[in-house]
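Note sheet for the following structure.
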Amino acid sequence: MSSVIWYMYEFARKSWAEKFAGAKSEHDIVEKPDRFRDFPEVFKEYCIGCGACTAACPAPGAIKLVRDEDTTDMEGLTYPVIVMGACIRCGFCAEVCPTDPKTLTCGENHLIREEFTILPVDKMFVIDDYLCIRCKKCMKSCQVDAIHEEDNKILVDQKKCISCGDCLDACPVKGALKGIYISNIEEQKQIINLIVQTLEKTIEDRQEDLKKLSSDKIFKMEYPLVELKEKAINIIPKEEMVMDLMEKITDRLKMRIITWDEEKCTKCRLCVEECPSGAITYNKETGVTRNPEKCLRCSTCHQTCPFGVAGYYLAKFLIDKNSDGEDVILITLKPSQLPVVD
Amino acid sequence: MLDALKDIIRKSSIHVCLVNSGGCNGCDIEVVALLSPRYDLEQYGIYVHNNPREADVILVTGAVTEQWKENLRRIYTKAPEPKIVVALGNCPISGDVFNQEGGCVNAPVSDFIPVDAEVSGCPPRPSEILEAILAVAPGAIAAKGRQKE
């Protein structure tokens, strides 16, 4: 009985009656949130008809590729059509669409925003399959399981990699696993060219010493790193990156050096015909000349010349400290053991 | 006179029966969201009964599995006239992701019972469900009620 009285009191209250009479739904319940992923939008003029969207779509029949009828001026457009009754608004189609700008856009799909998909790292880790000994130490050290074995090759999954560098510490082979800087590609190329050209010039400047070298001896020289480093830092102002780059370049760089001894030349012109790139030319006034810009360092001239005009040497490099404690590039030169026509 | 009064009352008082004919439950959760204070379904005079014998509107979700083929018809016949059927979500419309090659669903629902309205989406937003019921139900119920006479 008391509850009935309470109900009657509740119903009689003015505020209740007012609320009842003036009840209305708030507008925000029909508004879609900003990041709501609605049905995909189609911009048919961009479509290339690759069918990636239909392949990625998890709902059968949600996307149909249709083709307009040909007109007299142009071929009919091919484009996807979204069937509202089957689309689940997952946005996969927009994610896979390869055209730029996208034919299909679907809300603010987080996978379309590049800053979310590409990890903000400056190093990419890659495994040199040739040097890899498949010890799988990197696999064990990886905290995110980004390194896996596939087809007897160890591979790094770039999508999973967080660039922590643990694998690099674990790798027992120098150069088998590398952290490559993926930014400033053009500048990196410039530095590589600078280093290689400087080193080659340094070696060629000492041709006279090389010519005296007997075939079973090796020739050693040093090149101070300071100057080269300064030049490289002018191109990329990051010391850490420059040093890393220099070490990688010199580590497994094998340079072929061709020397040219004009005094021995008898102008027989055998090499002119043999040179595959046309770097060796004959002129009545200047005699036989070699253009180093064109030269491929293939050693054909060295093997052809019966008088030993062209010398052929192999150079290897290593960054180390010399006896005074300065950083230097150690250069080791070895005459090639290629058979020469006598 | 009495029928006219009935029509007026029915327009603002809709009883809903929710039938899940084998879906993922996503749409049903959206219906639950409708019952929450944010959407407050009952302020529109809609009441979810889950009893087909009292229902004016049958909300069908799900892609009609083997077991539901017969039961769907049974539920439909149990509902008193006038009744309308709203297909909720993509499953009853097209089978959605379940309608794969070699799948065991019998979508669409309209193969088994007549469907008056379709709400697409996987799942549809609660406001879309509400919009569909309110747009279709009062008019359809009133119209069907009059046709009976």
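DSSP beta bridges fully contained in the range B:16-144 are about 5 percent antiparallel. Pull out a ≥ b ≥ c, the square roots of the eigenvalues of the alpha-carbon gyration tensor of the range A:41-115, then state rounded if a/c is under 1.5, prolate if not and a/b is larger than b/c, and oblate in the remaining case. It is oblate, given that a/c is not under 1.5 and a/b is not larger than b/c. Compared with the dominant Cα axis of chain B, that is its longest principal axis, helix B:68-78 is turned about 10°. You can think of it this way: the chain between A:Y282 and A:K153 has 41.4 nm of extra reach, that is 0.36 nm per residue less the Cα-Cα gap. For A:V83, nonlocal amide neighbours, meaning residues 5 or more places apart or on other chains whose placed amide H falls under 5 Å from its own, are A:I63, A:K64. For the listed peptides A:163-172, A:88-97, a ranking on the average number of other beta carbons within 10 Å per residue, highest first, reads A:88-97, A:163-172.
Reported to the nearest whole Å, the Cα centre-to-centre distance from the range B:116-140 to the range A:209-277 is 77.
Give me the inter-chain shielding for B:92-99: mean count of other chain Cβ atoms within 10 Å, whole number please. Mean number of neighbouring Cβ atoms from other chains: 5. An oblate overall shape is assigned to the range B:1-136, the ratio a/c of its alpha-carbon gyration tensor axes (a ≥ b ≥ c) being 1.5 or greater and a/b not exceeding b/c.
The distance linking the range A:144-198 with the range B:57-81 is 60 Å (Cα centroid to Cα centroid, whole angstrom). Mean partner shielding of peptide A:33-42, defined as the number of other chain Cβ atoms within 10 Å of each residue Cβ, is 1. For the protein assembly as shown, the alpha carbon positions stretch 127, 65, 40 Å along the principal axes, listed from largest to smallest.
Farthest towards the positive end of the charge dipole of chain A, among the residues A:P98, A:I331, A:L245, is the Cα of A:I331, using unit charges on the Cβ of Lys, Arg, Asp and Glu. A simple packing score, the average count of other Cβ atoms within 10 Å per residue, orders the peptides A:275-285, A:175-185 as A:175-185, A:275-285, with the highest score first. Partner shielding of B:127-139 amounts to 1, given as the average count of beta-carbon atoms from other chains within 10 Å of each residue beta-carbon.
Approximating the spin labels as points 7 Å out from Cα along Cα→Cβ, the A:F36-to-B:R74 distance works out to 3.8 nm. Working note: Karplus 6.51/-1.76/1.60 with θ = phi - 60° gives the range A:266-276 the couplings 10, 6, 6, 6, 5, 5, 4, 5, 6, 4, x Hz, where Gly and Pro are set to x. Share of antiparallel DSSP beta bridges in the protein assembly as shown, in percent to the nearest 5? Of the beta bridges lying entirely in the protein assembly as shown, close to 75 percent run antiparallel. Once the Cβ-Cβ distance between A:T72 and A:E45 is put in as r, and R0 is 30 Å, what FRET efficiency do you end up with, to the nearest 0.05? In this case the efficiency is close to 0.95. Listed by chain and number, the lysines whose C-alpha is less than 22 Å from the C-alpha of A:K238, apart from same-chain residues fewer than 8 away, are A:K123, A:K178, A:K189, A:K229, A:K248, A:K321.
Coordinate-derived values only; no laboratory data. Only a predicted model underlies this, so the values are computations on that prediction, with no experimental measurement involved. Cβ sites come from the backbone with ideal geometry, for glycine too, and all protein chains shown count toward neighbours.
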